[in-house]
Every structure is written in structure tokens, then in C-alpha cells.
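Trainee: My questions will all concern the structure given below.
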């Protein structure tokens, strides 16, 4: 079957810069976020958390806590009805029953009239623990004699994957001109949204639950939450108000259903908002991963084969670990034409914070390792890093050994433009001269990484991929947009509004983009896997054409002119030949509700990315309709006396298909690269040898501030993804994943050392420089 | 816990509230006065989301006890708009520049920008960075916020 191929339109609004539709509400302080919601009769919830990383719970005495004035209910793992749940592996209770598996694990919960009463009650719960030996490093999880965290996972291995497609890797390695091996390890990276995890829940007498939640996946997460709470999915309604950032952390997670569980027993609405320490302790940060990568090359730099071994640390509970591990194993294989691919991964439990989705979803980890690795290879083969990539980049319509295929693909353009914009080649020459001066202790470097991500990942959810959009024109001619893809600050409501304005020729004031309420919006999956814009604008394109044809049809009846002679202009259906002959949307909308009593004009659309199928048992089949590419560049200096790295400027050049809102997509690149920058150089949740998180505050867990963030330049190459109506691919995750390897490659360019274990701190750089010096001295003395 | 009555001015209006002596200014603004624009991101004075102006200077209102604000003049994000609904130039600039994504840090960031421009009407890049260093933003990478500060500076100097 021939694929539908959409063409780029002559856009007036799409591709321009538009202020976000909700910005005015936000700058005036009027936006009500989840943690601002106060319902009549509402109580506050709070959890008691384990002080031990691994301990048997022998007894929980709540008698004193119940006596605290203002306390309505005190819950333990044993006095509630609850079920093991989890988005992929059902391994977690909302309140631990017999055993706590990390410092921060919920062991009891209370509801009270204010936070002070809750705090007092929490302090009066007496828990008798029997501490157990804990696993605090993923490298220890599979060792003989390691304590077992979950009975269901022998050797603490939750999943073992082995994926092999294309040519035989062993054969390829045997016959290759050059084989390169490298080891890399990534750190525990916290999302750092400014509004902590929050939810407000109402549990009615018929076991219907309404949950106001900061959530990226309102409809889909109902399935997970309903399991945890033991209610039918249809009893759970999720309303998604504006919320203060997600970055992947706010898919299915325990705070929302725990709040509902407390509300059930309190028999009053309950607001559960984590304090910042709790959020650090038990949100779902990025999985740390260890990589061993082995690649095969011919003399001319042709990429022949790759073997990857990964240990992925999912902490105490699985969350989305399996999908994330799979992404780390093979996502990057759509960017390079390598024909022998094998990836093996052990996804292990440890007694640390459960890890989960964070912008990049395993692919960020892999990019750090792989794009570092490629620069290492380039040096050995004596081929420039850009030239090595250029010789191996996939192009348009490339099908890889996993069965994935690209449609639009401008990765070469991204790299070319990125190197040009940053003056990479000139600077490499200039810096070489400057750095050769031994008296100069500030060494300069520039480096880059290429990147790829999906626009929706078909392997995530089996039943379907796609999105729906529902448009409703009310009796005054105002258009309402209903979508299941939530706005968490990335600006998808503005994107939707712009698409409506473009096709219907309607003013922004007459477009209302609603926030998801699962009782109202079409069924859908939400915003993760960088799917929001690609999927929802695909559906919106169809819904808009549906509404457009209805407007033209009714306009034709009113005006007595054939439909073919009519077009839409400034909220009128107008004759193409005689602009005096026109009917306003308001008149058309009113005629429709009168002719079909009360019924509004609807526009219905849905979108399935063509050529995308759920992976088979061997993980074969194309997982995305729109692979988005980019090149990120970092220019920096390293102080060889202190080891300190100071990034001066970064560039993010992307192929995101057709940008819809240029203002927002630039903002995505800035924000993503800033997070990648922080991850590369400063961020890491650090545990002590007792399994306690050492830096659960913004003071100790350092995120980039206004003082240290470098200048970031965002640019987009000309591209149009022909599988979706408006040609848009993704940016959310692609924007983060190149920064860390670009910085790593720039550090190497400056001082000739690589810090393959993140983050690249001054201490590690200094140590590596000293080792390098010692090594050189030894060499000189031998000579 | 002891209770005390405090009188202060909030956004130009006199307020008299009965507070516990351990309540913070942010909790009184949010819970007693319904001024939810002042956000809580950490409760430890580290993220800056709760920044308000107290006697013309920015404070993190989650660290100020309400009793310390007795007699003070407080301006919150809700106090910037004019009666006719026109925005303060700093608010306008944040909208125009796209400096607002999730918006949770925005009220604090706007308040700090106002204080910054008060001190440096034509700020250098360094002065902007220093002036906003107490306000964390995780969405924007600060780039468009820097832009917004310069736009606001121009707007305010134009009057």
C-alpha cells in the first residue's frame, strides 16, 4: 500500500514565533497548579519513609499517631486494601508491607487537617525494623551472595535482554581492520521540575475516584493506578491541571495513587504534595547505566559492527526500566548504517531510589557512551570526527537491521550547519596553537555529538500507536480543542492553537485549547517518547480538514454557491471570486445548532503513523514514524590547575521536521541542552555507604543556575516529515541527548583526557590530568 | 503554638491576619490571603519560586516568618498588573520573549527581575545572571529569560 505523503503548505502561522497561549495567566500568578488546588473538605496527606535502604518491617505501631489532634486516618501496608502494581513489572506496593527496599520507601501514611498535624503524627509512628544488607551499586547486584531484593528476580536481575539483528557480530569482529572497545558509566540524574510531585484525590461512596494530577499520561496511567487501588479503570477520572514541569518524571508514579488510597480511608479529599527532600528521595530519576561498547571498522572508517553490554540500575522498583533499557540498547542504530548489531543488557535492582523516565529515556545514556566512543575511534583511525560520522550516517528511507526505517532525515545537514555555526574547524586549529603553549593553563576545546530520537515509540505500548483530536465549534463560532496530549510547559496547547488558526483562518482569541480530563478528551496515550507534537498534530490535521469541509458545506448552503468556489478567511466562508459574498463562522455555527438542535459542529481526527508496527519477540519492526536528528556542539575551557570545566557556548542544530511554534521549539532546545549540560558536569544523586541520599536539596544537588549556564544557540535545518499532516517531528528529548557527549568530546579536545564516568567534575579532570602527566613522564624516562 | 495578629500591606492593600508564630510569610500569603501566585518549590529558600518584594527587596517568603512581616509592605506577583489589566513591563517581556514554559518559577523570576532592574536599569549580562542566580528554572535554560530582562529594561526606560 502506498504511503500517504503530506506536502508542506504555504503556512502563514505555522513556523512563526508565537507567545504561549497560557503565558499571560502564568506571569500574573493566576494559573492554578496541582499543588494550589484546595477542595472543600480537603485534608492533607503525608507519608512516613524508611530510614534504611533495605529492612524487614517487623511492626508498625500507629496508636500514638492516631491520638494527634486533627489526624483523620493512619495507614500502614497491612491495614489497607492495596495491590502490587507497576507500569511494566508489578513489583511495588503503595505502602510497603513486609520490607522496605530503599531509603524513602513508604511505610505508613496519614491524613490530617493541616501539614503540622500530619508531621506530628508521622513523628509518632513507631516502626520496628530489622535492617538487611543492602545493594548500593549496580555492579554488586548480580554478585554471588548479594542480598535478594525481590523474590521474583533471582540475582536481582529484573530483565535480561539479548538482541541481535543483521550480520553475525563475532564474524564481523574477527575480520575487521580495527576493533575498538570502551567503557562508560552514567550518573543518577534528577528531573528537577520546580513543582514537586503532587496530586489531589477525591474518593466517592461508589468507589469513583477523581484525581487532579500533574501527569504526562492522564488516560494511560489510569490503567496502572487502577491496579494499585483495586478499582475498575472506568472508576478513575484524571483531571490534568497545569503543572510545574515533568521531563519524563511525571508518567505513572506512586504519589498519585498513594494520595487516592489515603483519600479512600480518610473519606475526604486529600492533597498529597511531596516536600523537596522527599521528591529527591523517591521521584524517578534517570537510570544510571554501565556500558561496554565494542565496535568494528574498516580502514576507511566504515562502521561494520557493534556489540554493547549494559548494566542498567533501576533501583528498588522497576517502573519503566525495561523500556528504558531497550532504548539504550538500540535506539542509536537508526543514525548509522551499521549492519551487525548485538546488544545485551542486565536490568538490575538495587536498594536505591527507583529510577524511571527522564527526557532521553535510555537514549541519553547511550548517546553519552556512543558519541564519546565514536570520537575515540576517529582519533585511532586518523579520520576527523565529522568525517567519520558523515561516512556512516543513515539517510532518508534507510532501513536498519532492526527493521526501522527513516523517512525525512537531515542529520548530515544538522552536523554541517552545527560545525559551521560554531566555527568548529577554525576553532580546532586555533585552539591547537593556543593549547600548545605550556605556560597557558587555560586550555580550550570544542566538541560535538550527533543525535537521534524518535517521535513516539511503538514498542512502549502494545495495543496501538497514534492520537485522536476532537474539535468542537460552539454556537458563537469559537473552536475548542480536545486532545490527550498534555501541556507541561513545552507549549503543546500553543502548537494546537496555531494549527487551528492556520487551517481555519481564525483568531487566537477564538481558539480554546483545553487541558485533559479523562471524562472528556478522546482516548490517548499522552506526552512521552517525544510523541506529543508529531502524533497530536497528525490527528489535528485530519480533524481540521473535517471541520473545514463542514464549514464550507454549510457556507455553501447559506450563500447558494458551490463548495468549490468557497474558501476560509478571517472567520468567514468567502467566495473566491466575490469577497462580498461571505458567511461568518458565528452565523454558520448558529445555523448548525438550530438545524440540528443543540448540536455543535464537530471536527474528528485520528492519526496512526504509517509503516510503524509493534516489535516482534526478537524486537524487530519499525518503532517510529518520525526519527528526529540533531547535532549539538560545546565550546569550553579547562583550567589545568583546578580541573574546572567552563562551557562558554553551545549550539543545538536540529532536524525536527517542520517547526510549528519556532519560539517554543527554540525554548525546548535551550532547556534540553541546559539539562544535558548540568548532567554532564555537576548533577548526580549521591548515596553514602549506609544507603542514605546525601544531597536531597537544591543547595547540594547542583542544577545549572543563571550564573553558570552558557549561551545556547538553537537552530533548525529545513525539513518536513511527510508522514504527518503538518510535517512536525520531535524535539523534547532530542534536545537533551547531545550535550553531554559534546562536552566530553570538547574536554578531550582541550586537555586530552576523557572522563568516561559521569559527571565530569573538576576533581576527576584534575586526577586524570595528573595521571596523564605521570604516564608521559614515565614514557620520557624510559625513552 | 502562640498566635499573633499582624498588620501589613500586601499589594497596596492593608491586611490584618491572625497567625501562628511559626507560620511563614508564603503560607500566610497563599493560605490566608489566597495569593496562590507565590509558589512553593522547595520550602528551603533555594529555588526562589516564592520570591516576593518586602519593603522593596526580594525575599524568599518561605523563609520569612509571617510575624517578621508585621508592618511591612509586601508586593507579590498579583500586585504588578494595573487595574485596567495591562501588565507590568516585566510581565509583558516574559510573555513576548517566550520566557515562560511550565511557569512555576515565573512569579519568583518576575519579582527578582523587577528588583534587578530597580538596581540596574540597564543591566549587563553579568548583572542579569547575578540578579537571577537565586531563582531556579528547569525548563528554559534561562536563555529566553535573559532576553526578557533586556526587553523589559528597554520597555521600562521608554516609560
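What follows draws every value from the coordinates through simple rules; no lab data is involved. Given the structure is predicted, the values throughout are model-derived calculations rather than measurements. All Cβ positions, even for glycine, are placed from backbone atoms using ideal geometry, and neighbour counts span all protein chains on display.
Trainee: Taking a ≥ b ≥ c as the square roots of the eigenvalues of the Cα gyration tensor of segment A:618-668, is the shape rounded (a/c under 1.5), prolate (a/b larger than b/c) or oblate? Mind dumping the intermediate values first?
Mentor: Values: a/c = 4.52, a/b = 1.74, b/c = 2.59.
Verdict is oblate for segment A:618-668.
Trainee: Assuming R0 = 30 Å, can you tell me the calculated FRET efficiency for the pair residue A:599 and residue A:519, based on Cβ-Cβ distance, to the nearest 0.05?
Mentor: Numbers: r = 20 Å, r/R0 = 0.66.
Between residue A:599 and residue A:519 the formula returns 0.95.
Trainee: Now for a separate question. For a quick check: sort A:349, A:596 by the number of other beta carbons within 10 angstrom, fewest at the front. List each step's numbers first, then the result.
Mentor: Details: A:349 30, A:596 10.
Fewest to most other Cβ atoms nearby, the residues stand as A:596, A:349.
Trainee: Mind checking the angle between helix B:106-119 and chain B's longest principal axis? C-alpha axes, 0 to 90 degrees, to the nearest 10.
Mentor: Approximately 70 degrees, to the nearest 10.
Trainee: Of the DSSP beta bridges with both residues in the protein assembly as shown, give the percent that are antiparallel, rounding to the nearest 5.
Mentor: 80
Trainee: With springs only between Cα atoms under 10 Å, which of B:135, B:22, B:11 fluctuates most in a Gaussian network model of chain B?
Mentor: Residue with maximal mean-square fluctuation among B:135, B:22, B:11: B:22.
Trainee: Pulled fully out, how much extra length does the chain show between residue B:63 and residue B:82, if you take 0.36 nm times their separation in residues and subtract their Cα-Cα distance?
Mentor: Working: separation 19, 0.36 × 19 = 6.84 nm, distance 2.84 nm.
Residue separation times 0.36 nm, minus the Cα-Cα distance, leaves 4.0 nm.
Trainee: So for the pair residue A:30, residue A:420, with labels modelled 7 Å out along Cα→Cβ, what separation do we get in nm?
Mentor: Taking the two extended label points, one gets 4.5 nm.
Trainee: Taking a virtual spin label 7 Å from the Cα of residue A:441 along the C-beta vector, which residues in segment A:730-757 bring their backbone nitrogen under 19 Å of it?
Mentor: Residues A:750-753 fall inside that zone.
Trainee: Using a ≥ b ≥ c from the Cα gyration tensor of chain A (square roots of the eigenvalues), is it rounded, prolate or oblate, where a/c under 1.5 gives rounded and otherwise the larger of a/b and b/c decides, a/b for prolate? Spell out each step's value before the answer.
Mentor: Details: a/c = 1.84, a/b = 1.11, b/c = 1.65.
Oblate, since a/c reaches 1.5 and b/c is not below a/b.
Trainee: Using the count of nearby Cβ atoms within 10 Å as a rough guide to exposure, how do A:31, A:350, B:5, A:757 rank from fewest to most?
Mentor: Numbers: A:31 25, A:350 29, B:5 10, A:757 15.
Fewest to most other Cβ atoms nearby, the residues stand as B:5, A:757, A:31, A:350.
Trainee: Along the Cα→Cβ direction, 7 angstrom out, place labels at residue A:662 and residue A:429. What is the inter-label distance in nm?
Mentor: With each label placed 7 Å out from Cα toward Cβ, I get 3.2 nm.
Trainee: Which of A:613, A:120 comes first, and how do the rest follow, when ranked by fewest Cβ neighbours within 10 Å? Kindly include the intermediate steps, with their values, before the conclusion.
Mentor: On the way: A:613 14, A:120 17.
The most exposed by this proxy come first: A:613, A:120.
Trainee: In whole Å, what is the distance between the alpha-carbon centres of segment A:700-763 and segment A:107-182?
Mentor: One Cα centre to the other: 27 Å.
Trainee: Identify which of B:129, B:20, B:138 has the largest mean-square fluctuation in a Gaussian network model of chain B, with springs joining Cα atoms closer than 10 Å.
Mentor: B:138
Trainee: Another question about this same structure. Determine, from the Cβ-Cβ distance of residue B:154 and residue B:70 and an R0 of 45 Å, the FRET efficiency 1/(1 + (r/R0)^6), rounded to the nearest 0.05.
Mentor: Numbers: r = 38 Å, r/R0 = 0.85.
That gives a FRET efficiency of 0.75.
Trainee: Note down the nm distance, to one decimal, between modelled labels 7 Å out along Cα→Cβ at residue A:298 and at residue B:18.
Mentor: 8.6
Trainee: What's the FRET efficiency of residue A:686 with residue A:61 using the Cβ-Cβ distance as r and R₀ = 41 Å, to the nearest 0.05?
Mentor: On the way: r = 33 Å, r/R0 = 0.81.
Step by step, r from the Cβ atoms, then E = 0.80.
Trainee: Something else about it: Just how far, in whole angstrom, is segment A:197-213 from segment B:1-32 if you go by their alpha carbon centroids?
Mentor: Each part's Cα centre sits 31 Å from the other's.
Trainee: Looking at chain B, send over the antiparallel percent of its DSSP beta bridges, to the nearest 5. Intermediate results must be reported in sequence, preceding the final value.
Mentor: Numbers: 15 of 17 bridges.
Counting DSSP beta bridges with both partners in chain B, the antiparallel share is about 90 percent.
Trainee: Consider a paramagnetic label point 7 Å from the Cα of residue A:174 along Cα→Cβ; state which residues of segment A:329-354 have an amide N under 17 Å from it.
Mentor: Correct set: A:340-342.
Trainee: For chain B, modelled as a Gaussian network with Cα springs under 10 Å, which listed residue fluctuates most, B:12, B:103, B:131?
Mentor: Among B:12, B:103, B:131, the largest GNM mean-square fluctuation belongs to B:12.
Trainee: Please determine, in degrees from 0 to 90 and to the nearest 10, the orientation of helix B:143-158 with respect to the longest principal axis defined by the Cα atoms of chain B, where the helix direction is its Cα long axis.
Mentor: 90
Trainee: For segment B:3-79, what is the percent of antiparallel DSSP beta bridges, rounded to the nearest 5?
Mentor: Values: 15 of 17 bridges.
Taking every DSSP beta bridge within segment B:3-79, about 90 percent pair in antiparallel fashion.
Trainee: Also, I was wondering about something else. If you take the square roots of the eigenvalues of the alpha-carbon gyration tensor of segment A:18-142 and sort them as a ≥ b ≥ c, do you get rounded (a/c under 1.5), prolate (a/b over b/c) or oblate? Present the calculation step by step, with values, prior to reporting the outcome.
Mentor: On the way: a/c = 2.50, a/b = 1.36, b/c = 1.85.
Oblate is the answer for segment A:18-142, as a/c is 1.5 or above yet b/c matches or exceeds a/b.
Trainee: Here's a follow-up. At what distance in angstrom do the alpha carbon centres of segment A:321-384 and segment A:532-550 lie from each other?
Mentor: 35
Trainee: Shifting gears a bit: Let me have the 222 nm mean residue ellipticity of chain B computed from DSSP H runs of 4+ only, each contributing -39500 (n - 2.57), with the sum over all residues rounded to the nearest 500.
Mentor: Numbers: 4 runs with 46 residues, N = 159.
Calculated mean residue ellipticity at 222 nm is -9000 deg cm²/dmol.
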